[in-house]
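Report on the following structure.
The numbers here are math on the coordinates, done by the rules we state, and not lab data. Note that this is a predicted model, so its numbers are computed, not measured. No Cβ is skipped: glycine too gets one built from the backbone with ideal geometry, and neighbour counts run over all protein chains shown.
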Amino acid sequence: MTSFNNNVMLLWYIAITFLLHCAWGQGCSKEQTRALLEIRNSTNGSAFAEWDGRDCCEAVGFSCNSFGGGLLGDIRAKVFDWAKIRAVTSHHQAHAFCELKRLKQLSSLDLGNNKMEGTIHPCLGQIENLEQLDLSGNRFHGNVPPLLLSNQSKMTLFDVSGNQLEGLLSISIFANISNLEYLDLSNNYRLEVETESPSWVPTFHLTKLNLANCNLNKNNGHVIPSFISTQLYLNWLDLSHNSIEGSIPCQLLFNSSIQGLFLRSNKLAGSFLDCKANNQTSSIVSFDISDNHVKGPLPQNIGHLFPELQHCNMSSNALEGNIPWSLGNLSLEILDLSNNMLSGTIPQSLTTSGSTLVYLNLANNKLQGEMLPRDSDMPKLECLQLSSNHFQGIISPTISNSPSLVILDVRYNYLSGNIPKWLYNHPSLVAVLLRGNQLEGHLLRRMCQMGRLQVLDISYNLISGGIPSCLDNVTFWKKISPSLTDSNYFIQKGRLSYLINLSDLQFEIGTSLLIKNMEYTFNGIPLSLMTGIDMSSNQLSGSIPSEIGELSQLRSLNLSNNFLTGSIPISFQNLKNVESLDLSHNKLSGKIPFELVQLTSLSTFSVAYNNLSGRIPFERQFSTFTMKSYDGNLDLCGDPLPRNCSPTTNQLNPKHDKDQKEGTRVIDSPLFFYAFVAISYAFGFWVFFGILIIKKNWRLNYFRAVDRWIESFLKMLSKYW
């Protein structure tokens, strides 16, 4: 009996397996296959170019439902070659859209980031079961057609962000899409989104709403949308860059569902908390009110009011007073309070053991005291920016407790003492910015161990001694070409690729650098590619090491305003990527190497106020530099200076390399010149008188000629006596 039951069970297993195999392996239906083929033919093969015409469920860019006969449920952008479709005609592109309605079970259509152009065709609204439509990151213009949404009761996601849409769009067109959860209209700079009129009642319950950069409620005083109060499940709200006025709405701060609130770059004013919290606590995890006009002190109990806060950006406001101690009670990963008027010291609670900070920016405030509390311990810290405050004392040794630190920016403070030896041994530093302090001492050869270093700024200090000749040991400056995929630290380590990605918050890392005598702000990828050395305005002496010329990846080199002597190294011709080279206000001598004309990327150049001489190279990039680049060098000549070079001035060209590489040639020395004159004189003298001694007839004729010349001369003189 047991054997019989086992056989029956085995037969049932085989039967069920066979039926499932038939259901799973059925693939695209004939109707779906026909529709896809017609779409491909209507676009001359540009749509679904990689599909071989067989089972679409196995093709790249498609996905099918697991049950129900392999019905096509998802089309992603990879299946279209819109560059070719555009080349056909706009009519065929529209036709390709319209044919998609034949895919009855299509539920997700992702055409994002495809460089598509034209208007959004209303035919997309005829796809019966469409739930997700992503058209973001394209070049669509015009308005969102109302017919697109008239029959889309099942839609849960609608994303047209990052296009060129324009005109007036009322949110009321979404009112009856009851399943809508995700709505993104952001970054359409000419679009005007209206939420207040005409009056309407939403049937949807959003979880994410992004209306950044879309001229929100332009005709209604840029108010915050009132319908948000009806969204009980909203956890992500972005209203940045919309000129919203008034104070920070307490109904948003203490909404029980909102975890991400972004109000960046508006016109919000008043104090941080203009209402009574009444023992309420916020659920916000990521919070950004940067670049507004919020003023006054932060609540001392802010840590209690926002217990879940992890990412906080309140930079570029008018906040005053101390940094609340209670901020140290939070599990903060990002804190940016820069560009305010905060005073006092950095609270010990913010930096002590257990800190989860990854990014701390307190730059451009009025903070004072020690750079960091003495017992600071921030093991996860990757970026520390404390510039433009009133910090005193030495560079905090507690930085060595942050082995992941990538950017150290303490410029424009009152820090003193030597650059500490342990800083040179830090394993991860990419940018060290110490400009504008009172640091002194010598540069140690230990700095050549900083293999990851990209940017070094020690300008405007009191550092003396010579420049280490081992700088060519810094790997990133010399051999490794900045890359977004292979050699660049920011990509390898992930967090500082060009954004810190934590949860839904995308927080861009940046800092300002003085390049080409102007201050530039570098963010994201440009920062990760920047390489430079600025040692200007110190007391450095000695010659410029020729090894610096091997730093082929440098984009900026500034050694101005020091006491450097000797010549400009010819090895500088190897600085192929340098864009700015400033050697002005030193005591350099010799000629400007002609080989520097090979620096085709060079756009800013100055050797003003040195002791240089000779002809100025005036080819390629050098023909664009003005007299200011050479001021204060009295022995320089040639264009662009008004002083012409004398005929004896050596022509500076590649044929005269040895003049600078091997010193002055023997043929050009004064000793050679005087020896040549003496030998020529002696040779001429003995040739002439030797002939007179040997030839008697020549000698007699010569004497008769001399007698006749003397007689005629005496006769001429007698006429005047």
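For S243 and E370 in one chain, what is 0.36 nm times their gap in residues minus the Cα-Cα distance, to one decimal in nm?
On the way: separation 127, 0.36 × 127 = 45.72 nm, distance 3.84 nm.
Full extension of this stretch gives 41.9 nm more.
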* **Cα coordinate range in the range 179-225, projected on the principal axes (Å, largest first)** => 28, 24, 14
* Quick one: what does P(r) look like for the range 108-243 with 10 Å bins over all Cα pairs, in whole %? -> 13, 47, 36, 5
* Express the Stokes-Einstein translational diffusion coefficient of the range 336-460 in µm² s⁻¹, to the nearest whole number, given a Kirkwood radius over alpha-carbon pairs, 25 °C and a viscosity of 0.890 mPa s. => 169
* To do: Return the long-range amide H neighbours of S613 (sequence gap of 5 or more, or a different chain), with a cut-off of under 5 Å between placed amide H atoms.
  => G590, K591, I592
* To the nearest 0.05, how large is the calculated FRET efficiency for E308 and D274 if R₀ is 22 Å and r is the Cβ-Cβ distance? -> 0.55
* Structure fact -> Quick note on D582, D375, ordering by fewest other C-beta atoms within 10 Å, gives D375, D582
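Kindly put K421, K576 in sequence by how many other C-beta atoms sit within 10 Å of each C-beta, fewest to most.
Details: K421 10, K576 13.
Listing K421, K576 from fewest to most nearby Cβ atoms yields K421, K576.
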* Asked: So what does the Cα-only Debye profile of the range 276-375 read at q = 0.14, 0.20, 0.22 Å⁻¹, as log10 I(q)/I(0), no solvent term?
  -> -0.49, -1.05, -1.29
* Asked: How many nm is it between the label spots at T352 and Q539, if each spot is 7 Å from the Cα in line with the beta carbon?
  -> 4.1
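At 0.36 nm per residue, and after removing the present C-alpha to C-alpha distance, how many nm does the segment from K218 to L634 gain when stretched out fully?
Extending this stretch completely gives an extra 143.6 nm.
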* Structure fact -> L700 and E38 label points (each 7 Å along its Cα→Cβ direction) are spaced in nm at 13.0
* Protection proxy ranking, peptides 242-253, 446-457, average beta carbon neighbours within 10 Å, highest first -> 446-457, 242-253
* Any chance you could list the semi-axes, whole Å, largest first, of the equivalent ellipsoid that the Cα gyration tensor gives for the range 134-204, using √(5λ)? => 19, 15, 10
* **Chain lengthening between S567 and I693 when straightened (0.36 nm per residue, less Cα-Cα)** => 39.7 nm
* Asked: Tell me, what ³J(HN,Hα) does each residue in the range 229-235 have, in order and in whole Hz, if you take phi through Karplus 6.51 cos²θ - 1.76 cosθ + 1.60 with θ = phi - 60° and put x for Gly and Pro?
  -> 5, 8, 8, 6, 10, 5, 10
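Can you work out the FRET efficiency for the pair H141 and T203, with r the C-beta to C-beta distance and R0 = 30 Å, to the nearest 0.05? Mind showing how you got there, number by number?
Working: r = 30 Å, r/R0 = 0.99.
Approximately 0.50, to the nearest 0.05.
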